[in-house]
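I have placed the structure first, in the form of structure tokens, so that the comments after it can refer back to it.
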Amino acid sequence: MIAFAPQSTALVLVDLQKGIVGRPLEPHSGERVIQNGGMLAERFRKAGASVVLVNVGFSKDFKDVLRQPVDQPNVMPPGGYPSDFSEIVEGLAGPGDLFITKRQWGAFYGTELDLQLRRRGIHSIVLGGVATNIGVESTARQAWELGYSLVFVEDATSSMSADMHRFAFEKIFPRIGSVVQSVDVTFS
């Protein structure tokens, strides 16, 4: 169990949005990740700690999408994403939450996330969301490089495969932070 100081800790939930959490996820379903993320968000709000909801979104013409040559490019669906693709799932957001829209995997580059966290006196980030080894891991690596202390909530995080999720939680996250379950997050 880890006890956090509410004034210097933020919960950051990555890509818990309509166009992503409905996809097949492993080892935890989108519903479970939303449920655990929502319980954490309520716990943070009651303690007076910051809650940050990050989504990914693009312009209608997709001119803000990364286009580097890669072996497995993201394929845009014909006609683009549904109009509600980037909307945070219903019931997750609360009064006073900070909303950050990113245009790539990580939530720090090209956004004001670092600025807003530092202005609020945040030193520790509790992190969850989808996908473990894409948006969450990219955000975590950027946060670690910026000097934030990190805690990863395993049961508030999921991926496109259980193996990818497991690898991040066993091999990457313990090297840059601590791993907990949602019930282990408390406030001092």
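The residues of region 35-50 that are assigned to a helix (DSSP H, G or I), of a type outside the set (S, T, N, Q) and surrounded by fewer than 23 Cβ atoms within 10 Å (Cβ to Cβ), listed by number, are Gly38, Met39, Leu40, Glu42, Arg43, Arg45, Lys46, Ala47. Only residues that are part of a loop (DSSP other than H, G, I, E, B) and hydrophobic (A, V, I, L, M, F, W, C) were counted across region 51-77, and they come to 7. Taken together, Gly57, Gly96 contain a single residue that is among the small types (Gly, Ala, Ser) and surrounded by 11 or more Cβ atoms within 10 Å (Cβ to Cβ), which is Gly57.
So that you can scan it fast, the table gives a plain yes or no per residue for (1) within 24 Å of Glu154 (Cα to Cα); (2) touching a His at 6+ places or on another chain (Cβ under 6 Å); (3) basic (Lys, Arg):
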position	(1), (2), (3)
Leu16	yes, no, no
Gln35	yes, no, no
Leu53	yes, no, no
Phe58	no, no, no
Arg67	no, no, yes
Asp71	no, no, no
Gly79	no, no, no
Asp97	yes, no, no
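Restricting attention to region 27-75, which residues are of a type in the set (D, E, K, R) and over 28 Å from Phe4 (Cα atoms)?
Residues satisfying the conditions are Lys60, Asp61, Lys63, Asp64, Arg67, Asp71.
Within region 77-94, the set of residues being under 20 Å from the mean Cα position of the chain (by Cα) and free of Cβ contacts under 8 Å to residues at least 12 places away in the same chain comprises Glu90 only. Residues that are at pLDDT 80 or above and assigned to a loop (DSSP other than H, G, I, E, B) within region 79-91 comprise Tyr81, Pro82, Ser83, Asp84, Phe85, Ser86, Glu87, Val89, Glu90, Gly91, listed in sequence order.
Show the residue pairs meeting these rules: Cβ distance below 7 Å; 6+ apart or different chains; first residue within region 60-76 and within 21 Å of Gly110 (Cα to Cα); second residue basic (Lys, Arg). Hits for this filter: Asp64/Arg103.
All of (1) of a type in the set (A, V, I, L, M); (2) in contact with a Phe, Trp or Tyr (Cβ under 8 Å, 6 or more places away or on another chain); (3) crowded, with 17+ Cβ neighbours inside 10 Å hold for Leu25 with one exception: (2). Condition check: at pLDDT 95 or above, surrounded by fewer than 16 Cβ atoms within 10 Å (Cβ to Cβ), over 22 Å from Glu31 (Cα atoms) and touching an Asp or Glu at 6+ places or on another chain (Cβ under 9 Å). Does Leu146 satisfy that? So Leu146 fits the description; yes.
The values are calculated or read from the model by the stated rules, or taken from the named source; none is laboratory data. Remember, predicted model here, so these are calculated numbers, not experimental data. Positions of Cβ are generated from backbone atoms using ideal geometry, with glycine treated the same way; all protein chains shown enter the neighbour counts.
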